[in-house]
Amino acid sequence: MDDSRDWPLERLEREIGGLAAHIHAATCRWLELVAEYDRREGWAEWGAKSCAQWLAHQCALAPSAAREHVRVARSLAELPLIRAAFGRGELSYSQVRALSRAATPELEEGLLELARYATAAQLERTLRAYKGVLERELSPADHAHGDSYLVCEHDDDGSLLLRARLPAEEGALVLAALDAARDGLRAESADKPSSEGRGVSAEAEAPLGEKAPPSNAAALLLMAETLLASGPAERSGGDSCQVIVHVDAAALGSPPDAEHAPDGVCQLDDGPLLHPETVRRLACDASVVRILERDGRPLSVGRRTRSIPPALRRALQSRDRCCRFPGCTQRRFLHAHHVDHWAHGGPTELVNLVHLCRFHHRLVHEGGYKLERAGRRDELRFRRPDGRPLTAVPETRSVQPADLERRNRRRGLRIDADTCASRWTGERLDLALTVDALVAHDVRLN
C-alpha cells in the first residue's frame, strides 16, 4: 500500500529525484538492447518494416517516438562517454536526444560537460543554434556529397529562397512536373496579352515581338496551387497502370500451401514467369479481363470488370482505416486482400476482404505469413512462417519501482536524489558565447 501521502516533502523530493535517475539509467540500458536488436534485425522475423515499427507495436509507443528512440539508440553506439553518463543516470533522455543530434566522438567530451551545467531546454536551444551555424557554413562542395535536402530561407526583402538536392531519378520527376506545369501555363496564356500572363518579368526580357515561355518560378507556383487545391494524389486502386499476366486456370486455382507447384504457366505478357502466389497477390485488387485461350491463341475476350466495386471499397476503407497487419499503421496506398482467394472460391464480399499495405500484402502471399479468421467474422489472426501467432495487442508486464532500483543496484550503479540534478545555478545563458565556444572547439579539432 502506498504511504507517500504521509511522507514529508523532503522525502518526496528525494524519491522523485532518485527514481528519475533510476529511470534514466534503465532507459539507457533499454536503448542499448534496442540498438542490438536493430543491428541483428530481429524485427524482420515478425513481419515489421523496421525496428521502429516493431518497437511502436511491442512497447506501445507512438510511431514518431519509436523512430526517435531507434535513432538515439543507433547514435549512442558511437558515443561511449555520453552513453556511460546516461547509463549511470546522470543524463536524462531529453538531454541525450539533443546531444545525439550534434555530438561526434571528437566533440562528445565538450558537449557532455555542457550538458552537466545546462537544463534540457537550454541544451536543446544551444545545440539547435550550433547546428544552424554549421549548416550555414557548409560549402556547395560539401552539399554535393550529402543526402537529399531542401533548404528554405527568406531573403532580406522577404522573398523565399529554395535550395535543394535530389537523386537523379527524383530530380527527373520534379523536372517532368515543371515541364507539365509550364505546358499548362503556356496553354492558359496563349490567348492573353503578355502583361496579363504569369511570368511577366521573364517576358519583359524576351526580344521584341517574341513571347517568352513561362518561367520555372511560375511553374513551381502552379504545382503548389494544384496540390493545395486537390490534395495529395491517392495512387492506390484505380487504373494507374495495366499489367497483363497470362495464367493457366490450374496454376491459379492450386492451393497456396501445395507442396509442388502445378504445371500451369503464370507469365507476364512478353515477360518472365511468375510464381502463382505472386499472381494471386496481383489479382487481389485489380481490374480483371478474362481471356479464353487455346494453344496461346485467344478465342474470346470478356469485358473488363473491377474485382472490388467502388461501394465495397468505401465500406472496406471505413471498416479497416489502415493496414490490418499487427503493428502496421500505414493508412495510404493500401491493397484489398481476399482472405479466401477468389481463385479458390472466396467471394468478393466485405467479410472476405482486408486492407494490407504493399509490404505486408507481399509477406502474406510470398513471405510465408498466414492470415486466417479467428472466431468472430471480422477477427483475424496472423502467423509467422514458423507458425507463431502475431498478437494485435502485445502483453503488458507490471514492474514496481523497487524492482527497477534492485536491477540497477545489481548492475553496480549508485544512484541517489542528486545523480541527475543539473549543476546550473540560475545564471543567464549566454547563447552567442556558448555557440562560439562550440564552433571554435570544432574548428580546432578539424
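The values are calculated or read from the model by the stated rules, or taken from the named source; none is laboratory data. Here the structure is a predicted model, which means the values were calculated and not measured. Note: ideal-geometry Cβ built from the backbone for every residue, glycine included; neighbour counts use all protein chains shown.
Tally time: how many residues in the range 43-102 are more than 24 Å from Ser422 (Cβ to Cβ) and in a loop (DSSP other than H, G, I, E, B)?
Final tally of qualifying residues: 10.
Considering every residue within the range 340-359, establish whether at least one is at pLDDT 85 or above, in a helix (DSSP H, G or I), closer than 24 Å to Ala56 by Cα and not small (Gly, Ala, Ser).
yes
Do you know which residues across the range 15-51 are crowded, with 22+ Cβ neighbours inside 10 Å, aliphatic (A, V, I, L, M) and more than 30 Å from Gly412 (Cα to Cα)?
Listed by number, the list holds a single entry, Ala48.
What's the total number of residues in the range 102-127 that are without any contact (Cβ under 8 Å) to a residue 60 or more places away in the chain and loosely packed, with under 15 Cβ neighbours inside 10 Å?
5
Could you look through the range 305-351, keep only residues that are among the β-branched types (Val, Ile, Thr) and either farther than 25 Å from Gln53 by Cβ or assigned by TED's automatic domain parsing to the domain that holds Ala62 (or both), and pick out the one that is surrounded by the most Cβ atoms within 10 Å (Cβ to Cβ)?
This residue is Ile308.
In the range 326-379, which residues are charged (D, E, K, R) and farther than 21 Å from Ala44 by Cβ?
Arg331, Arg332, Asp340, Glu349, Glu372, Arg373, Arg376, Arg377, Asp378, Glu379
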